[in-house]
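Report on the structure given below.
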Amino acid sequence: MELEVIRFSSSNDDTLGILRVNGAFECFTLEDEKRTVKVMGETRIPEGRYQVKLRKTGGFHNRYGKKYGSWHKGMLHITDVPNFQYVLIHIGNDEDDTAGCLLVGQTATSNLGKMKGFIGASGNAYKRLYPQVLAALEAGEDVWITYRELL
């Protein structure tokens, strides 16, 4: 399975993008801003291709297990990102909800000018994306995510 994040708008605080699954639009994304020097919890990951695996430990895994029950089998973990660890795909609405992770949502509000980027209906987007990726992983498929910039 191939996931692709196409970043289309970046501000001093956040980055908006779209997520495609096997070439088809799936949802909007929000990440931290680009920085030339990484600041922990405040920097988006670099462009590139990374493998996605399930992470079955940690705080997010425990919270999502309680929130979603047996439907949730582990966090979508973007692995082997240089100088980053525990990069996850999860719910959230703005840059305060991410520390380098990828947030997903069904709607997006511009981050141009002095506006702060925002994605809405994040839970709904996650509930649509997660089962697709989980099914691929459980079937033994490799899942990859590629980050590209249109900026």
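For the range 124-145, enumerate the residues that are assigned to a helix (DSSP H, G or I), small (Gly, Ala, Ser) and either touching a Cys at 6+ places or on another chain (Cβ under 6 Å) or free of Cβ contacts under 8 Å to residues at least 60 places away in the same chain (or both). Steps first, answer last, please.
Taking the range 124-145 first, the residues assigned to a helix (DSSP H, G or I) are 124-138.
Still in the list and also small (Gly, Ala, Ser): 125, 135-136.
Passing the criteria: Ala125, Ala135.
Please go through the range 47-78 and give me each residue that is farther than 20 Å from Ile18 by Cα, open to solvent by less than 50 Å² (accessible area, probe 1.4 Å) and either assigned to a loop (DSSP other than H, G, I, E, B) or out of contact with any His (no Cβ under 9 Å at 6 or more places or on another chain) (or both), ordered by number.
Hits for the range 47-78 are Gly58, Gly59, Tyr68, Gly69, His72, Gly74.
Which one of Thr107, Thr36 is open to solvent by 50 Å² or more (accessible area, probe 1.4 Å) and touching a residue at least 24 places away in the same chain (Cβ under 8 Å)? Before the answer, list the steps.
Numbers: Thr36 fails: touching a residue at least 24 places away in the same chain (Cβ under 8 Å).
Just one listed residue meets the conditions, Thr107.
Which count do you get for residues in the range 27-43 that are among the hydroxyl-bearing types (Ser, Thr, Tyr), part of a loop (DSSP other than H, G, I, E, B) and within 13 Å of Ser9 (Cβ to Cβ)? Spell out the reasoning first.
Here is the first cut: in the range 27-43, the ones among the hydroxyl-bearing types (Ser, Thr, Tyr) are 29, 36, 43.
Next, only the ones that are part of a loop (DSSP other than H, G, I, E, B) stay: 36, 43.
Narrowing further to those that are within 13 Å of Ser9 (Cβ to Cβ): none.
Of the residues in that region, 0 qualify.
Take Arg44 and decide whether it is charged (D, E, K, R), touching a residue at least 24 places away in the same chain (Cβ under 8 Å) and open to solvent by 40 Å² or more (accessible area, probe 1.4 Å). If you could, list the steps in order and put the result at the bottom.
Working: charged (D, E, K, R): yes; touching a residue at least 24 places away in the same chain (Cβ under 8 Å): yes; open to solvent by 40 Å² or more (accessible area, probe 1.4 Å): no.
No: the conditions fail for Arg44.
The values are calculated or read from the model by the stated rules, or taken from the named source; none is laboratory data. Small disclaimer: the values here were computed from a predicted structure and weren't measured. Here the Cβ is made from the backbone with ideal geometry for all residues, glycine too, and neighbour counts use every protein chain on show. Areas reflect the complete protein model, heavy atoms only, side chains present, ligands, DNA and RNA absent. Shrake-Rupley method; radii C 1.70, N 1.55, O 1.52, S 1.80 Å.
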